[in-house]
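Remarks on the structure that follows.
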Amino acid sequence: MHFLNPMLQNHPMESSFIQTWLNRLADKYTPSLIQSYDNVCAHVESGPYIDIYDARHGSVIYREFSEVLNTVEAISIYNGQLLGFGSFADVYGSAKSHSAMVRLHRLPPGEAIAPSCVNVHCYLVESALCRHYADLGLFGLCGSAKRVLQDYNLDYVHNALDYLNCSLDKHDCLFCFGLDPYLLNWGKPLGELNVAALDALDLGRPVCIVSNNFSVAFVNSALINQIRQSAIGHSPSFKSFIDSINKHGYVNAEGMSMLPWAFSEKELLWHLTALPETFGAIVELGRKQGVSHFEVALQSHFVDLLFKNLVSNEPSQRAFSAYYTYQSYIDELARLDHCEVMKTPQLTRLNKTTSVALTVGRLATCGYKWVHDYHYDELFVPCSSILRNGSNLCLHSDFPREPVSPLRLAEIATERDIEAMPHNYSCDERTLDPGQCITPTEALRAVTHGAAWHAKIASFNTEGGAAHYMKLDGDPLCDKKKWRDIKVTLL
């Protein structure tokens, strides 16, 4: 049991499906199968140079996002460390006292430099496994779109299945993740994807569509037969699995642990050998969104082993840290991760020693469902209330159910607008509980210094510590451009 993080007990990445998948991979694992990922987008060391960034000509450098505007004229970075900040004259004078050569970077008007983002408690290894396959969620087949699909319906799913079917080899399984059954059919039984319906599509291969919370899956008869031919096919649990499918027409939560047995030995080996490439693609995508540090959730010793192999060539203290979800302990900072809902009495118990990480992105996709459910005294991602109670606020992604895009999360926290399926509600209903909106400065802090404090990153943007900064093609506090559309480059 997670003493400090009870929400993790029901997290999709700790589901029985993922557990069985990891166990099967562990049986096939050998050290030679996993190499360090190809870090094509890592921080480029400045070598013999001290880089000074000059914001005196119509640009701005944010030292940090706080209640009091905290900007400086210049910052200097040397070998990934923050050498100095302040007025240009002071920064330049300090840099010249070093033996290293100095390079000046004059920021063009309208550009900004700000603290880069931290992505906390990310199930990066498990997500990379899922990214071997297509995503049938709201953010496109790659799961990386910055806006939700507005034509998310059964026609979209059927067209996606046809497209994916044509791209596979003859004997491959068609596995997909990320389906949102509720938004697909607004909570009604989804008979259009039951076993008989998928058989009628006649795709000529085993098909498995896993929901975004790993509690439901839709399969065809070929997939069931493939499990029947595996080692689990002769066990008593398989009979219960079949009885449940015959009753419901789909795989419910109790049967999800059976599905990874559909993977052949060839596929399991491919999952391991292709893991570095997929892992690296996620990290690169995150860095293009301003993420300079990932706190990786490790749910088992095997995941820990995979992670250490994947980042063995990375300066991990700067780019990665680990949070062991399989350990229960109490420390000085009581932290809550993956929070969506909090009751009013829970909020009153928060104080300045508590850090709360909210998956605020779910508001944009599940807000309509929330409005029509019964909640009693519960609040949905209560950002403002958490800050008013003196706690640290961190906004983090519910990846892989949504893209890694911290600026998108900060934008959602300031607007609280429902984005999915706008034809189901009026303009007045679009903004959910506007009293919980936070200011732009508070939102940006929650994905930068607030997230760094949550993950206990030592010396985050302190003088002499690791430099976590990004360059933006617009000023997030002045420009009217949507934050999710701002082009980001890590320094």
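Can you pull out the residues in region 410-430 that are closer than 18 Å to residue 480 by Cβ and outside any helix (DSSP H, G or I)? Steps first, answer last, please.
Of the residues in region 410-430, the ones closer than 18 Å to residue 480 by Cβ are 410-415, 417.
Correct list: 417 only.
For region 72-93: of the residues being of a type in the set (Ser, Thr, Tyr), surrounded by 15 or more Cβ atoms within 10 Å (Cβ to Cβ) and modelled with pLDDT of 95 or more, which is farthest from residue 462 (Cα to Cα)? Walk me through how you get there before you give the answer.
Initially, region 72-93 is screened for residues of a type in the set (Ser, Thr, Tyr), giving 76, 78, 87, 92.
Still in the running and surrounded by 15 or more Cβ atoms within 10 Å (Cβ to Cβ): 76, 78, 92.
With the extra rule that they be modelled with pLDDT of 95 or more, the set shrinks to 76, 92.
Working: 76: 12, 92: 18 Å.
Looking at residues that are of a type in the set (Ser, Thr, Tyr), surrounded by 15 or more Cβ atoms within 10 Å (Cβ to Cβ) and modelled with pLDDT of 95 or more, I get 92.
For region 462-489, which residues satisfy the criterion of being over 21 Å from residue 398 (Cβ atoms) and either of a type in the set (Lys, Arg) or surrounded by 21 or more Cβ atoms within 10 Å (Cβ to Cβ) (or both)?
Result: 466, 467, 468, 469, 470, 471, 472, 476, 480, 481, 487.
Across region 207-230, which residue is surrounded by the fewest Cβ atoms within 10 Å (Cβ to Cβ) among those that are of a type outside the set (A, V, I, L, M), within 16 Å of residue 17 (Cβ to Cβ) and touching a Cys at 6+ places or on another chain (Cβ under 9 Å)?
If we filter region 207-230 for residues that are of a type outside the set (A, V, I, L, M), which is where we start, we get 208, 211-215, 218, 220-221, 225-226, 228-230.
Filter again for within 16 Å of residue 17 (Cβ to Cβ), leaving 208, 211-215, 218, 226, 230.
The next check asks that each one be touching a Cys at 6+ places or on another chain (Cβ under 9 Å); those that pass are 208, 218, 226.
On the way: 208: 25, 218: 24, 226: 19.
For region 207-230, the residue satisfying everything is 226.
How about region 123-134: which of its residues are in a helix (DSSP H, G or I) and among the small types (Gly, Ala, Ser)?
Narrowing region 123-134 to residues in a helix (DSSP H, G or I): 124-130.
Listed by number, the residues that qualify are 127, 128.
Quick check on region 287-307: of everything there that is modelled with pLDDT under 95 and of a type in the set (Gly, Ala, Ser), which residue is surrounded by the most Cβ atoms within 10 Å (Cβ to Cβ)?
Per the criteria, the residue is 297.
For the structure I just gave you, tell me whether residue 51 is within 27 Å of the chain's Cα centre (by Cα) and either more than 30 Å from residue 392 (Cα to Cα) or modelled with pLDDT under 95 (or both). Spell out the reasoning first.
Values: within 27 Å of the chain's Cα centre (by Cα): no; either more than 30 Å from residue 392 (Cα to Cα) or modelled with pLDDT under 95 (or both): yes.
For residue 51, the condition - within 27 Å of the chain's Cα centre (by Cα) and either more than 30 Å from residue 392 (Cα to Cα) or modelled with pLDDT under 95 (or both) - is not met.
Residues of region 457-478 being charged (D, E, K, R) and more than 24 Å from the chain's Cα centre (by Cα), which ones? Reasoning before the result, please.
Residues of region 457-478 that are charged (D, E, K, R), as a first pass: 463, 471, 473, 475.
Within region 457-478, 463, 475 meet the criteria.
In this structure, does residue 241 turn out to be on the phi < 0 side of the Ramachandran plot and in contact with a Gly (Cβ under 8 Å, 6 or more places away or on another chain)?
Values: on the phi < 0 side of the Ramachandran plot: yes; in contact with a Gly (Cβ under 8 Å, 6 or more places away or on another chain): yes.
Taking the combined requirement at face value, the residue satisfies it.
Going by what's in this entry, would residue 99 be described as outside any strand (DSSP E or B), farther than 22 Å from residue 292 by Cβ, out of contact with any His (no Cβ under 7 Å at 6 or more places or on another chain) and without any contact (Cβ under 8 Å) to a residue 12 or more places away in the chain? First the steps, then the outcome.
Values: outside any strand (DSSP E or B): yes; farther than 22 Å from residue 292 by Cβ: yes; out of contact with any His (no Cβ under 7 Å at 6 or more places or on another chain): yes; without any contact (Cβ under 8 Å) to a residue 12 or more places away in the chain: yes.
In short, yes.
So, residue 428, is that one touching a residue at least 40 places away in the same chain (Cβ under 8 Å), acidic (Asp, Glu) and surrounded by fewer than 20 Cβ atoms within 10 Å (Cβ to Cβ) or not? So that I can check it myself, show each step before the final result.
Values: touching a residue at least 40 places away in the same chain (Cβ under 8 Å): no; acidic (Asp, Glu): yes; surrounded by fewer than 20 Cβ atoms within 10 Å (Cβ to Cβ): yes.
Here the answer is no, as residue 428 does not meet what is asked.
How many residues are touching a residue at least 40 places away in the same chain (Cβ under 8 Å) and surrounded by fewer than 24 Cβ atoms within 10 Å (Cβ to Cβ) when one looks only at region 367-397?
So the count comes out to 13.
For region 329-383, how many residues meet the condition of being at pLDDT below 85 and among the aliphatic types (A, V, I, L, M)?
4
If you check residue 449 against the conditions, is it touching a residue at least 40 places away in the same chain (Cβ under 8 Å), out of contact with any helix residue (DSSP H, G or I) (no Cβ under 9 Å at 6 or more places or on another chain) and not hydroxyl-bearing (Ser, Thr, Tyr)? Walk me through how you get there before you give the answer.
Details: touching a residue at least 40 places away in the same chain (Cβ under 8 Å): yes; out of contact with any helix residue (DSSP H, G or I) (no Cβ under 9 Å at 6 or more places or on another chain): yes; not hydroxyl-bearing (Ser, Thr, Tyr): yes.
Judged against the criteria, residue 449 is a match.
Within region 50-71, track down each residue that is assigned to a loop (DSSP other than H, G, I, E, B) and loosely packed, with under 15 Cβ neighbours inside 10 Å. It would help to see each step written out before you state the result.
So the first thing to find is which residues in region 50-71 are assigned to a loop (DSSP other than H, G, I, E, B), and the list is 55-59, 65-69.
Correct list: 56, 57, 58, 66, 67, 68, 69.
Here's a check for you: in region 181-203, which residue that is exposed (fewer than 14 other Cβ atoms within 10 Å of the Cβ) and not charged (D, E, K, R) is modelled with the lowest pLDDT?
187
Could you check region 437-469 and list, in sequence order, the residues that are assigned to a helix (DSSP H, G or I), over 12 Å from residue 383 (Cα atoms) and either in contact with a His (Cβ under 6 Å, 6 or more places away or on another chain) or among the aliphatic types (A, V, I, L, M) (or both)?
Once the filter is applied, which keeps residues that are assigned to a helix (DSSP H, G or I), over 12 Å from residue 383 (Cα atoms) and either in contact with a His (Cβ under 6 Å, 6 or more places away or on another chain) or among the aliphatic types (A, V, I, L, M) (or both), region 437-469 yields 444, 451, 452.
Consider residue 401 carefully, then state whether it is outside any helix (DSSP H, G or I) and under 18 Å from residue 182 (Cα atoms).
On the way: outside any helix (DSSP H, G or I): yes; under 18 Å from residue 182 (Cα atoms): yes.
Yes, satisfied.
Could you tell me which of the residues 283, 210, 303 is assigned to a strand (DSSP E or B) and in contact (Cβ under 8 Å) with a residue 12 or more places away in the chain? Before the answer, list the steps.
On the way: 283 fails: assigned to a strand (DSSP E or B); 303 fails: assigned to a strand (DSSP E or B).
The unique qualifying residue is 210.
Grab the helices (runs of 4 or more DSSP H) fully contained in region 143-201, keeping just those with 3 or more residues being under 30 Å from residue 410 (Cα atoms). Lay out the reasoning, then the answer.
Numbers: elements: 154-166, 181-185, 195-201.
Counting at least 3 such residues, we get 181-185.
Listed here are the residues, each with its yes/no results for (1) buried (at least 17 other Cβ atoms within 10 Å of the Cβ); (2) at pLDDT below 95.
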site: 418; (1), (2): yes, yes
site: 434; (1), (2): no, yes
site: 444; (1), (2): yes, no
site: 447; (1), (2): yes, no
site: 459; (1), (2): no, yes
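Can you run down the residue pairs with Cβ atoms below 6 Å, 6 or more apart or on separate chains, where the first is in region 214-234 and over 14 Å from residue 261 (Cα atoms) and among the polar types (S, T, N, Q) and the partner is outside any helix (DSSP H, G or I) and at pLDDT 95 or above?
220/207
Which numbered condition in (1) over 17 Å from the mean Cα position of the chain (by Cα); (2) outside any helix (DSSP H, G or I) is the only one that residue 120 fails?
Going through (1) over 17 Å from the mean Cα position of the chain (by Cα); (2) outside any helix (DSSP H, G or I) one by one, residue 120 breaks only (1).
Which one is nearest to residue 257 (Cα to Cα), of the residues in region 13-35 that are hydrophobic (A, V, I, L, M, F, W, C) and in a helix (DSSP H, G or I)? If you could, list the steps in order and put the result at the bottom.
To start, the set of residues in region 13-35 that are hydrophobic (A, V, I, L, M, F, W, C) comprises 13, 17-18, 21-22, 25-26, 33-34.
This time we only want the ones that are in a helix (DSSP H, G or I), so: 13, 17-18, 21-22, 25-26, 33.
Details: 13: 13, 17: 4, 18: 8, 21: 8, 22: 11, 25: 14, 26: 15, 33: 25 Å.
It comes out as 17.
The values are calculated or read from the model by the stated rules, or taken from the named source; none is laboratory data. What you are looking at is a predicted structure, and each value in this text was computed from that prediction instead of being measured. For neighbour counting, all protein chains shown are included, and Cβ atoms are generated from backbone atoms with ideal geometry for every residue, glycine included.
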